[in-house]
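Peer 1: Pasting a structure here, questions to come.
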Amino acid sequence: MIESQHPQGEPADGVTLMPQSIETFYEVMRRQGITRRSFLKYCSLTAAALGLGPTFAPRIAHAMETKERTPVIWVHGLECTCCSESFIRSAHPLVKDVVLSMISLDYDDTLMAAAGHQAEAALEETIQKYKGKYILAVEGNPPLNEDGMFCIVGGKPFLDQLKHAAKDAAAVIAWGSCASWGCVQAARPNPTQAVPIHKVITDKPIIKVPGCPPIAEVMTGVITYMLTFGRLPELDRQGRPKMFYSQRIHDKCYRRPHFDAGQFVEQWDDESARKGYCLYKVGCKGPTTYNACSTVRWNEGTSFPIQAGHGCIGCSEDGFWDKGSFYDRLTNIPQFGIEKNADEIGMAVAGGVGAAVAAHAAVSAVKRAQHKGDQE
Amino acid sequence: METIKKRKQTAVYVYEAPLRLWHWVTVLSVIVLCVTGYFIGSPLPTMPGEAIDNYLMGYIRFAHFTAGYIAAIGFLGRIYWAFAGNSHARELFMPKLFSRKWWGEVWHEVRWYLFLEKTPKKYIGHNPLGQMAMFFFFVLGMIFMIITGFALYSEGLGQGSWADTMFGWVIPMMGQSQDVHTWHHLGMWYLIIFIMLHVYVAIREDIMSRQSLISTMVGGWRMFKDDRPD
Ligand code: HEM
Ligand code: HEM
Ligand code: SF4
């Protein structure tokens, strides 16, 4: 992550001016030139995104007006920065300008202005100052092979930085599929032994926000929820916030009526594709993917992959790189040397058994004819 | 089995009515499950017309889930019957894996299928090889299909539903939803192999062994074709 040392033009004042007594979120917003009207709009939008209903908007506003902003340390391991890219494209303008400063990204080696030793000092300072209070947001994951040498941050393995920063964190957010599941760098054969962060951080609550990248509104929604309510969002069995990950793409897909009707795109250029039929047969992973794409959508709610005519590739699911082609409905089972799907394996074995049965029946018939009368 | 004296009888009542009814209900529902399951994995060609006039995939899935419920409830009923029914009702669940004699008879049965034995033994209940196949292919296979099936079903019912509470844990255990689909799909082929062997052997033994089979599963009575000892 040497590239992360580049200073960027983003306002990240949390780093340079660390205020004596911490401001409230609202104060930060006003300082950023956000009008009250715009602020309230943000609150109701967030309440809606979190599925909380309109009565919660004033509660969010109240919390933001009275609560001290929460320090966030955002570290980067093996990753492609698509999570950050997604985050700064959040639909509401407040996010880019405010949520970043609101959560006071006290350390984010990609977005902050500081670099080099100065940056590492900022990290250390935040850890010391807000011991046990800050949120650690992790983008990417640590490789374990060769003592973590495949990812060096500030001259030391990222693995060490991660463990160090996690030690005094109040909670940890795993941004994206990398931190949550491992993603592409952990795909077979995983030469660097990259692992999801829960394999390394075992004593802190971890909120997984998978996706490659996760949806911007989901990311800011999770953070805003934690800041306003001062607690973790409700998580599912695998540690994902229920409000965004409790349903599959398929459950809310607008092409679902075509699925139920049995109307499928068979080939990319066929009539069904033009008519916008269901993409199941060309490998859509919507039926097995938990994410909010079909409801929240992307780029200010403009579209999402299925709306653009391409099946879901299941990027927020564990190990999605290792399930074979994105364009097959029945995925490969790599344990069988030459990759085959369940039907190919099943039919081959059933064919063998069928042939054996036929041969056995034939021999049985011959034997029986030879020994006619022996039995009685 | 052990009682040689009984062999003088030419007919014994083995499979009571509930068990026979269960067998044929299971046959029907498992066939429906295999056919509809296959078409869930590889759907039929696209339906013409408007979406509102069609519900093919919906009906196929509905049939699958209904048959799934019937097969699963039937299976629970069959477990109950292992306690309530006669001793033959217990054989399905209890291959005598720790009995030397039993393994000896499995071996005898294998030799009979390899045409190395001239005469098979007589059995009132299942023959040991059959019993083993029923246990490993059918009982274990069916339990696997019911657990993975309801895990997939829980995804539709949603988080917090009874199916999610009881079977939802299966999904992370197997990796993710797609893996459960794959395993559930493989499980179908496992059962299909059982059915192929089972039906073949039922017909073959009905003709070639010393006892009745198919009529036994219909009427309950085991008929022996000769009076000789085992
Ligand atoms: C003998 C038993 C069964 C067989 C052979 C069978 C077969 C199949 C097959 C081949 C699939 C397609 C998998 C794929 O490639 O996506 C499937 C899907 C499914 N099965 Fe079964 N199944 C059985 C029992 C059950 C049971 C007991 C249930 C519980 C209700 C069940 C519920 C489901 C569900 C929910 C799906 C997914 C449907 C979808 O994705 O739309 N199955 N089954
Ligand atoms: C038309 C096809 C079938 C025929 C003719 C048939 C016939 C039979 C017969 C004759 C028996 C008794 C065996 C004995 O006396 O030792 C039997 C038992 C059994 N069959 Fe089938 N069968 C068929 C299909 C199936 C299917 C599809 C399944 C399930 C997948 C199945 C599952 C069983 C089981 C579990 C038993 C053991 C019953 C018990 O001990 O409770 N059969 N079948
Ligand atoms: S396009 Fe994909 S998510 Fe949408 S209905 Fe079809 S299979 Fe489901």
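Peer 1: Pairs, please: C-beta under 6 Å, at least 6 apart or cross-chain, first residue under 14 Å from B:Gly58 (Cβ atoms) and in the stretch A:252-275, second of a type in the set (D, E, K, R) and within 14 Å of ligand 1 (Cβ to nearest atom)?
Peer 2: A:Phe264/A:Lys281
Peer 1: Let me ask something else about it. Looking at the stretch A:287-303, which of its residues are without any contact (Cβ under 8 Å) to a residue 60 or more places away in the chain and within 25 Å of B:Gly41 (Cβ to Cβ)?
Peer 2: Result: A:Pro287, A:Thr288, A:Thr289, A:Tyr290, A:Ser294.
Peer 1: Restricting attention to helices (runs of 4 or more DSSP H) lying wholly within the stretch B:84-201, give those where 3 or more residues are more than 12 Å from chain A (Cβ to nearest Cβ). Spell out the reasoning first.
Peer 2: Details: elements: B:88-91, B:100-113, B:128-133, B:140-157, B:162-167, B:170-174.
The qualifying helices (runs of 4 or more DSSP H) are B:88-91, B:100-113, B:128-133, B:140-157, B:162-167.
Peer 1: Restricting attention to the stretch A:163-175, does a residue exist that is assigned to a helix (DSSP H, G or I) and crowded, with 24+ Cβ neighbours inside 10 Å?
Peer 2: Step one: filter the stretch A:163-175 for residues assigned to a helix (DSSP H, G or I), giving A:163-167.
If we keep only those that are crowded, with 24+ Cβ neighbours inside 10 Å as well, we get none.
No, the conditions are met nowhere in the stretch A:163-175.
Peer 1: Kindly check whether there is at least one residue in the stretch A:297-313 that is in contact with a helix residue (DSSP H, G or I) (Cβ under 9 Å, 6 or more places away or on another chain) and either facing chain B (nearest Cβ under 8 Å) or assigned to a helix (DSSP H, G or I) (or both).
Peer 2: So far as the stretch A:297-313 goes, no, none of its residues is in contact with a helix residue (DSSP H, G or I) (Cβ under 9 Å, 6 or more places away or on another chain) and either facing chain B (nearest Cβ under 8 Å) or assigned to a helix (DSSP H, G or I) (or both).
Peer 1: For the stretch A:210-262, which residues satisfy the criterion of being touching a Lys or Arg at 6+ places or on another chain (Cβ under 6 Å) and either within 14 Å of chain B (Cβ to nearest Cβ) or within 16 Å of ligand 3 (Cβ to nearest atom) (or both)? Outline the logic, then answer.
Peer 2: Looking only at the stretch A:210-262, we keep the residues that are touching a Lys or Arg at 6+ places or on another chain (Cβ under 6 Å), and these are A:216, A:234, A:236, A:239-240.
Hits for the stretch A:210-262 are A:Glu234, A:Asp236, A:Gly239, A:Arg240.
Peer 1: Looking only at the stretch B:50-93, filter to residues that are within 16 Å of ligand 3 (Cβ to nearest atom) and of a type in the set (A, V, I, L, M, F, W, C); which one of those is nearest to the chain's Cα centre (by Cα)?
Peer 2: B:Ile60
Peer 1: If I filter the stretch B:27-43 for residues that are modelled with pLDDT under 90 and in a helix (DSSP H, G or I), do I get at least one hit? Break it down into steps so the answer makes sense when it comes.
Peer 2: First, pick out the residues of the stretch B:27-43 that are modelled with pLDDT under 90: none.
There is no residue in the stretch B:27-43 that is modelled with pLDDT under 90 and in a helix (DSSP H, G or I).
Peer 1: Quick one: in the stretch B:211-230, of everything that is surrounded by 15 or more Cβ atoms within 10 Å (Cβ to Cβ) and within 19 Å of B:Pro120 (Cα to Cα), which residue is farthest from the chain's Cα centre (by Cα)?
Peer 2: Step by step, filter the stretch B:211-230, then rank; the result is B:Phe224.
Peer 1: Another question about this same structure. Among the listed residues B:Lys118, B:Lys122, identify the single one that is surrounded by fewer than 18 Cβ atoms within 10 Å (Cβ to Cβ) and among the basic types (Lys, Arg). Steps first, answer last, please.
Peer 2: On the way: B:Lys122 fails: surrounded by fewer than 18 Cβ atoms within 10 Å (Cβ to Cβ).
Only one candidate passes the filter, namely B:Lys118.
The values are calculated or read from the model by the stated rules, or taken from the named source; none is laboratory data. Note that the coordinates shown come from a computational prediction; the quantities given were computed from them, not determined experimentally. We place every Cβ from the backbone using ideal geometry, glycine too, and count neighbours over all the protein chains shown.
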